[in-house]
Amino acid sequence: MSLRWKMKPTEDKILDILCYIFFVLVIFICLYPFYYIIILSFNEGIDASMGGIYWWPRKFTLENYEKFFTDSKWLRGLLISISSTVLGTIISVFFTVLVAYALSFKDLKNRKFYMTMIIVCMYFSGGIIPYFSLLRFLKISNTYLVYLIPGALNIFFILIGTTFFEGIPGSLRESAKIDGAGELKVFTRIILPISKPFLATAVLFIGVGKWNNWHDCTFYIQNNNLRNLAYLMMQVINSTQVSATAMEFGASSTTTTSLSIQTAAMVVATVPIMCVYPFLQKYFVTGMMIGSVKE
C-alpha cells in the first residue's frame, strides 16, 4: 500500500472506495449486455432458449456463425453494409472536407449566404415524403446509390471542419504559395496532413452512421437483394413469429434458433467498429475538442 494512501484521511479513503465501487458497477452495467450477447452467440440455440446462461456458454458451438455466413441473405446484407460504409464514408468525407475548406476562407464571395443555407438545411428538412419524391425524381430510389449519394455531404461536419480550418494559420498557405505551390498542392501537402484529428473524427462518426443505417433501407429500398445488415437485424428483432423467422433464415437444424443467429449477427455487426476505434482514438480525443474554444 502506497504512502500517499496511508496519509489520506479516513473520510477520503471511504470516498475513494465508494467511487471505485460505483465506477466498477457502471463499467459492468455497460459491458455485460455485450458480453452476454457474445456467450449466447457461441451457445447452442435450443439450449440457450432454456435460459440459465449468465457467464459462459453451456454448450459451446460455432454453428450459429456457420449458419450466418452460409445464409445468402445475411451474407449479402453484410457485404452491402461493408461496401456502402466504406464507399459512403470516403465520398462523404471527401466532399465535406472540400466544402468546409472552401468556406473557411473569410474572403469567399457570398460566404455568408452559403453558411446561412447550410445552417438552415441542418435544422430544417422537407420530411420523408418530399425526400422520397426527390429520390424518385433523381431515379436513385430502390438502387444501391441510395446508400451513397444522399449522404455525400455532411452538414454538421461542414461547420466543424470550417471552424477547424479557420484555426490553421494563414501563414502556412502563404509560405507554400511563395515557394510556388498551387492551391491543390497546398491543400493536399499542407492542410490535410495537419487535419488528422478532424478527419479521424469525421470518419468515425460518419462511418458508424453508415454502418448502422437501417432508415434508408426501410423507406427507400424495396428490393430484398439490396437490404443491408442493419435492416435484417431490425427485421428479426421486430419479428414476433420466432419459428417463422427461424425458417426464413435457414435455422432448420435442431441446435440453432432465430435468436442464436441474431446474436451472431449482432457480434459480427459490432466487432468491425470496435476494431476501427483503437486506431482512431489518439486523433478522436483531439477531434472532439474542435470548435469548443474560440480565441
*One residue from PHE157, PHE187 being at pLDDT below 85, among the aromatic types (Phe, Trp, Tyr) and crowded, with 16+ Cβ neighbours inside 10 Å*: PHE187
*Can you name the number of the only condition in (1) modelled with pLDDT under 85; (2) over 30 Å from LEU232 (Cα atoms) that TYR114 fails?*
(1)
*Please find, among PHE94, PHE23, PHE69, the residue that is open to solvent by 80 Å² or more (accessible area, probe 1.4 Å), in contact with a helix residue (DSSP H, G or I) (Cβ under 8 Å, 6 or more places away or on another chain) and in a helix (DSSP H, G or I).*
PHE69
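Can you pull out every residue in region 72-82 that is open to solvent by 40 Å² or more (accessible area, probe 1.4 Å) and more than 14 Å from the chain's Cα centre (by Cα)?
SER72, LYS73, LEU75, ARG76, LEU79
Quick check, is ILE149 at pLDDT 85 or above, part of a loop (DSSP other than H, G, I, E, B), closer than 30 Å to LEU75 by Cβ and not small (Gly, Ala, Ser)?
For ILE149, the condition - at pLDDT 85 or above, part of a loop (DSSP other than H, G, I, E, B), closer than 30 Å to LEU75 by Cβ and not small (Gly, Ala, Ser) - is met.
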*Of the numbered conditions (1) among the polar types (S, T, N, Q); (2) modelled with pLDDT of 90 or more; (3) closer than 23 Å to ILE39 by Cα, THR61 fails exactly one; give the number of that condition.*
(2)
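Residues checked against (1) within 18 Å of TRP211 (Cα to Cα); (2) of a type in the set (Gly, Ala, Ser); (3) in a helix (DSSP H, G or I):
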site	(1), (2), (3)
THR85	yes, no, yes
ILE90	yes, no, yes
ALA100	no, yes, yes
LEU108	no, no, no
PHE113	no, no, yes
*Give the residues of region 210-223 that are surrounded by fewer than 17 Cβ atoms within 10 Å (Cβ to Cβ), assigned to a helix (DSSP H, G or I) and in contact (Cβ under 8 Å) with a residue 12 or more places away in the chain, sorted by residue number.*
THR218, PHE219
*Being among the polar types (S, T, N, Q) and either touching a Leu at 6+ places or on another chain (Cβ under 9 Å) or touching a residue at least 12 places away in the same chain (Cβ under 8 Å) (or both), is that true of even one residue in region 93-100?*
yes
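The values are calculated or read from the model by the stated rules, or taken from the named source; none is laboratory data. Just so you know, these numbers come straight off a predicted model, no measurement behind them. Here the Cβ is made from the backbone with ideal geometry for all residues, glycine too, and neighbour counts use every protein chain on show. Note: areas computed on protein heavy atoms with side chains; ligands, DNA, RNA excluded. Shrake-Rupley method; radii C 1.70, N 1.55, O 1.52, S 1.80 Å.
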